[in-house]
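Enquirer: First the structure, which I've put down as structure tokens, then a few questions once you've had a look.
The values are calculated or read from the model by the stated rules, or taken from the named source; none is laboratory data. The shown structure was predicted, so the numbers you read here are calculated from the model rather than taken from an experiment. Every residue, glycine as well, gets a Cβ built from its backbone with ideal geometry; the counts of neighbours run over all protein chains shown. Only protein heavy atoms, including side chains, enter the accessible area calculation; ligands, DNA and RNA are left aside. Shrake-Rupley method; radii C 1.70, N 1.55, O 1.52, S 1.80 Å.
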Amino acid sequence: MSAIPPSELMVHADGSIFHLHLRPEQLADTVVLVGDPGRAQHISTFFNSVEFEQHSREFVSATGDYRGTRITVLSTGIGTDNIDIVLNELDALANIDLTTRTIKTHHRSLRLVRLGTSGALQPDIPIGRLILSKISIGFDGLLNWYAGRERVCLADYEEAFVAHMEWPSGLPAPYFVPNSLQLADLLTPISAQGMTVSAPGFYGPQGRVLRLPLRDAGLLDKIESFRFQGDRICNFEMEGSAIAGLSALMGHQSATICLIIANRYQKQSNTSYQNLMDQSIELVLDKLAGL
């Protein structure tokens, strides 16, 4: 097997992967992904013990023990472009020998859970609810750059959605990826389920209007009214589609679970949600630890 060139797989002299600055032995099989570096640091305070902490750009990480389960928490920053870095480097840590730069013969599958915040798109979803993404919908286009997209996406959902939305030809083709059934079974008792849109921005791509008008003024109404095979779109966030898509292609389990801090239909929000997030962190960690 030929070695991956240094230009394609960048490794520091200390043996750590380029952006995350992690070494393979520092990565647990269970990884909690958050956008905010401060939240990653905060989650590590829930651990019973911490093996190490690392800070590299917006990527803050810690690995430790939570009630008998080894867990890594890692901040990704905002957006699916960062997820492309995070997922590829986590997979490299798990499945590439960084010394020989060759793919390992034994595949290591990670459990990846994104814990974030989100805005609800249905009138009956209250602020404070946890929503588990049964299906992640990518408005970002990232997965379209990778071979095998059709193996992990739901073509019938995509076709129905494009028709319903009258999707403009100039926008990236949306993709629909189901999240891990095993993680869904694990996390369903603490959450509601639905489809989630991952948008490539916080304002226009999520239908927010400040000074610039939208290309499609009816965006939110169309998204809210979409139904297919009994599923509806519950919320917006900004990373889950790339996590779901890349994890499926790479052979990892993944799920996105988000705390609702705004309801777009009701035009309400709560920016003082730290107590609710602390409760969510403990609920998710307990489930990952099998408690």
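Enquirer: How far is helix 80-95 tilted off the main Cα axis of the chain, in degrees rounded to 10, range 0 to 90?
Expert: For helix 80-95, the angle is close to 30 degrees.
Enquirer: Here's a follow-up. Hey, what did the range 116-224 get for relative contact order, percent, Cα under 8 Å, at least 6 apart?
Expert: Normalised by residue count, the contact order of the range 116-224 is 40 percent.
Enquirer: If you only keep lysine pairs separated by 8 or more in sequence, or across chains, how many in the chain come under 25 Å at the Cα atoms?
Expert: For the chain, qualifying lysine pairs total 4.
Enquirer: To continue, here is another question. Taking H as built 1.01 Å from N, whose amide H comes closer than 5 Å to the amide H of R67, not counting residues under 5 places away?
Expert: For R67, the qualifying residues are N48.
Enquirer: Then there's this: Kindly rank 75-87, 120-132 from highest to lowest mean number of other beta carbons found within 10 Å of each residue.
Expert: The packing order, highest mean first, is 75-87, 120-132.
Enquirer: For every helix of n ≥ 4 consecutive DSSP H residues, a contribution of -39,500 (n - 2.57) applies; sum these over the chain, divide by its total residues, and give [θ] at 222 nm rounded to the nearest 500 deg cm²/dmol.
Expert: Computed mean residue ellipticity for the chain: -8000 deg cm²/dmol.
Enquirer: If DNA, RNA and ligands are ignored and the probe is 1.4 Å, what is the ranking of T188, T30 by accessible area, most exposed first?
Expert: Result, largest first: T188, T30.
Enquirer: Under a GNM of the chain (C-alpha, springs under 10 Å), which listed residue has the highest mean-square fluctuation: E89, E58, E159?
Expert: Taking springs between Cα atoms under 10 Å, the residue moving most is E159.
Enquirer: In the chain, with Lys and Arg counted as +1 and Asp and Glu as -1 at Cβ, which of these residues, G204, Q122, T72, has the Cα nearest the positive end of the dipole, that is, farthest along it?
Expert: Toward the positive end, the furthest listed residue is Q122.
Enquirer: Net charge near G119: determine it from the other residues with C-beta under 9 Å of the C-beta of G119, scoring Lys and Arg +1 and Asp and Glu -1.
Expert: So the surrounding residues net to 0.
Enquirer: Among the chymotrypsin sites (Phe, Trp or Tyr not before Pro) in the range 113-150, which ones are in a DSSP loop with at most 13 other Cβ atoms within 10 Å of the Cβ? Mind listing them?
Expert: Answer by residue number: Y146.
Enquirer: Please determine, in degrees from 0 to 90 and to the nearest 10, the orientation of helix 155-165 with respect to the longest principal axis defined by the Cα atoms of the chain, where the helix direction is its Cα long axis.
Expert: Taking Cα atoms only, the helix is inclined about 40 degrees.
Enquirer: To continue, here is another question. Once you order the gyration tensor axes a ≥ b ≥ c over the Cα atoms, which shape class does the range 205-291 get: rounded for a/c under 1.5, otherwise prolate or oblate by comparing a/b with b/c?
Expert: Note, shape of the range 205-291 comes out oblate.
Enquirer: As I understand it, the value is the acute angle between the Cα axis of helix 240-250 and the longest principal axis of the Cα atoms of the chain; what does it come to in degrees, rounded to 10?
Expert: 50
Enquirer: Explain nothing, just the number: dipole magnitude of the range 1-61 about its Cα centre with +1 on each Lys and Arg Cβ and -1 on each Asp and Glu Cβ, in debye rounded to the nearest 20. Numbers along the way, then the final one.
Expert: Details: 3 positive and 8 negative charges, 20 e Å.
With Lys and Arg at +1 and Asp and Glu at -1, about 100 debye.
Enquirer: While we're looking at this one, here's another question. Could you sort F228, F47 by their accessible area in this structure, using a 1.4 Å probe and putting the largest first?
Expert: Putting F228, F47 in descending order of accessible area: F228, F47.
Enquirer: While we're looking at this one, here's another question. Checking the a/c ratio against 1.5 first, then a/b against b/c, what shape does the Cα gyration tensor give for the range 80-236?
Expert: Prolate, because a/c is 1.5 or more and a/b exceeds b/c.
Enquirer: Which net charge results for the neighbourhood of G77, defined as the other residues with beta-carbon distances under 12 angstrom from its beta-carbon, given Lys and Arg at +1 and Asp and Glu at -1?
Expert: -3
Enquirer: Using the Cβ atoms and a cut-off under 15 Å, what net charge is assigned to the surroundings of N270, where Lys and Arg are +1 and Asp and Glu are -1?
Expert: +2
Enquirer: So if we plug the beta-carbon distance of T188 and R67 into 1/(1 + (r/R0)^6) with R0 = 22 Å, what FRET efficiency do we get, rounded to 0.05?
Expert: 0.60
Enquirer: Would you mind checking which residues have amide H under 5 Å from G79's amide H? H placed 1.01 Å from N; only 5 or more apart, or other chain.
Expert: Here nothing satisfies the definition.
Enquirer: Picking from C258, P213, I243, whose Cα lies most toward the positive end of the charge dipole for the range 151-283 (charges on Cβ: Lys, Arg +1; Asp, Glu -1)?
Expert: P213
Enquirer: Take the chain, compute every pairwise Cα distance, and split them into 10 Å bins from 0; I just need the percent in each bin.
Expert: Calculated over all Cα pairs of the chain, the distribution is 6, 29, 36, 21, 8, 0 percent.
Enquirer: Where does each of 168-177, 258-267 land if you order them by average Cβ count within 10 Å, highest first?
Expert: So the peptides 168-177, 258-267, ranked by packing, come out 258-267, 168-177.
Enquirer: Give, rounded to the nearest 20 debye, the magnitude of the charge dipole that the chain has about its Cα centre when Lys and Arg contribute +1 at Cβ and Asp and Glu contribute -1 at Cβ.
Expert: Its charge dipole is roughly 340 debye.
Enquirer: Now a separate question. What residues have an amide H closer than 5 Å to that of M238, excluding those fewer than 5 places away on the same chain, when H is modeled at 1.01 Å from N in the peptide plane?
Expert: Distant-sequence amide H within range of M238: A199.
Enquirer: Something else now. About the Cα centre of the range 1-129, how large is the charge dipole given +1 on each Lys and Arg Cβ and -1 on each Asp and Glu Cβ? Please answer in debye to the nearest 20.
Expert: It comes to approximately 300 debye.
Enquirer: Going highest first, how would you order 8-17, 35-44, 110-119 by mean Cβ packing within 10 Å?
Expert: 110-119, 35-44, 8-17
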